[in-house]
């Protein structure tokens, strides 16, 4: 089970309190009807699914209930950083591969 | 290839079993092949076998980064069934079931296909309605599936607890009698032996690290940890790593990779006659011929390539198992493991040409690819050899996520997710 640091509660809590909520930093297009089929596919279905560092959303469902973002290594499942929703992608320096 | 038979066993028994040859050759990679298959699991080895047998293409290499059958082929719970909702799914999965029946004779290798019946339990009114809808849809597609009352379900599987006081009471079940299990390792080994006998090179410990393309964009071969290997056609059959490989060719695919766990108990005498699945409480169980209970859990919630998952996922599954089968409450579990499954948005696979000339992909089988192994391999070989899909896999394109023609088994809830 993962141990996840909630950036709002400032606590390490077990994964059972959290819900994974998909890839982060995917902006919902403002005018959905104007999207081409290619752009809609990219927004709706295509995910980066990296073997390495993924930026993803989590929700502290059974805690503060807020969404936040995380950078995690999908090979080791180790969290590199969690940060509040709305903040830019962090520069992971040497930690990110 | 020396044919396996009762006479061969008798002959070898007379001379101390010293005459058995290796089941498949392990050659050094050649400079160039007509077709390279990336991934030596059941689907990949089967593709090579059918390319050789049905399409006369034998200059083939199957490249495997680890050991043969060591990915999801060796990690799944070996369940075979074809009672999916949609016509397209019935087409591919029932094609596979028809090939399972007779595969041992075809390969001259005992894959231990055992059509012992797959029973899917209904625990609430929604389950009852969904399963009955499936039964009618299956009937129209010529796929066997029948409704059982709780009493009939218990008669078919005596360990089942059908007490109305159960935490997840059984309100009935859908039974596919042709469903069952097969020996997963034997499927990989059988295809490998039969393909090798027809001249296919199986190259293990050879990881693909790049896909080479010519000036016209068509594939020209692959870069591997054992050097450059040329090929006119490349088939990617790499399960959880499909999106990693496709990105080497610049193709983005609608896949996410999740851990899926399974476990086995200590071996016991035969106690469990069939396969039982429960989507609602999320458990799969059968008994292997070795006597172990083979139990499948759900996926973890996050994407990962770690081939391991959280213990709470397994605990949740075992909670359900011991509630449904109280006789297993004191059974000791022996081993657990994880595999990485590639999941599509509509929970149906992709077996198709790609925008890159000469590149083909067979992926997106998610949590349920083993059952389809022979059917998937058969139609994918057709797709590579003819450069056009077989009638059966024609709907399973990469473009359906753009056109919206999904095969939405996710919404149909035919499978547990």
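Residue A:61 is checked against (1) within 14 Å of chain B (Cβ to nearest Cβ); (2) in a loop (DSSP other than H, G, I, E, B); (3) within 12 Å of the chain's Cα centre (by Cα) and fails just one. What number does that condition carry?
In the conditions (1) within 14 Å of chain B (Cβ to nearest Cβ); (2) in a loop (DSSP other than H, G, I, E, B); (3) within 12 Å of the chain's Cα centre (by Cα), residue A:61 misses (3) alone.
From A:50, A:90, grab the single residue that is assigned to a loop (DSSP other than H, G, I, E, B), within 11 Å of chain B (Cβ to nearest Cβ) and either within 23 Å of residue B:246 (Cβ to Cβ) or touching a residue at least 12 places away in the same chain (Cβ under 8 Å) (or both).
Just one listed residue meets the conditions, A:50.
Taking the condition part of a loop (DSSP other than H, G, I, E, B) and touching a residue at least 24 places away in the same chain (Cβ under 8 Å), does residue B:284 pass?
The answer is no for residue B:284.
Given the conditions (1) within 12 Å of another protein chain (Cβ to nearest Cβ); (2) within 19 Å of the chain's Cα centre (by Cα), report the number of the one that residue B:236 does not fulfil.
That leaves (1) as the condition not met.
Suppose the filter is out of contact with any helix residue (DSSP H, G or I) (no Cβ under 6 Å at 6 or more places or on another chain), part of a strand (DSSP E or B) and crowded, with 17+ Cβ neighbours inside 10 Å; does residue A:20 pass it? Talk me through it step by step, then tell me what you get.
Details: out of contact with any helix residue (DSSP H, G or I) (no Cβ under 6 Å at 6 or more places or on another chain): yes; part of a strand (DSSP E or B): yes; crowded, with 17+ Cβ neighbours inside 10 Å: yes.
Taking the combined requirement at face value, the residue satisfies it.
Please pick out the residue among A:68, A:55, A:79 that is surrounded by 15 or more Cβ atoms within 10 Å (Cβ to Cβ), more than 9 Å from every other protein chain (Cβ to nearest Cβ), under 20 Å from residue B:240 (Cβ atoms) and at pLDDT 95 or above.
Selected residue: A:55, the only one of A:68, A:55, A:79 that is surrounded by 15 or more Cβ atoms within 10 Å (Cβ to Cβ), more than 9 Å from every other protein chain (Cβ to nearest Cβ), under 20 Å from residue B:240 (Cβ atoms) and at pLDDT 95 or above.
I need a count of the residues in the stretch B:21-49 that are crowded, with 24+ Cβ neighbours inside 10 Å and either free of Cβ contacts under 8 Å to residues at least 24 places away in the same chain or outside any strand (DSSP E or B) (or both).
11
Just the residues that are surrounded by fewer than 23 Cβ atoms within 10 Å (Cβ to Cβ) and closer than 15 Å to residue B:184 by Cβ, please, taken from the stretch B:264-286.
Within the stretch B:264-286, B:264 is the sole residue that qualifies.
Within the stretch A:27-39, can one find any residue that is away from chain B (no Cβ under 13 Å), at pLDDT below 95 and within 30 Å of residue B:309 (Cα to Cα)?
yes
Out of the helices (runs of 4 or more DSSP H) lying entirely within the stretch B:317-417, which hold 3 or more residues that are within 16 Å of the chain's Cα centre (by Cα) and away from chain A (no Cβ under 14 Å)?
Details: elements: B:373-386, B:400-403, B:409-412.
In the stretch B:317-417, B:373-386 are the helices (runs of 4 or more DSSP H) which contain 3 or more residues that are within 16 Å of the chain's Cα centre (by Cα) and away from chain A (no Cβ under 14 Å).
The values are calculated or read from the model by the stated rules, or taken from the named source; none is laboratory data. Bear in mind that the values here come from a model prediction, so they are computed numbers and not experimental data. Here Cβ is always computed from backbone atoms with ideal geometry, including for glycine, and neighbour counts include all displayed protein chains.
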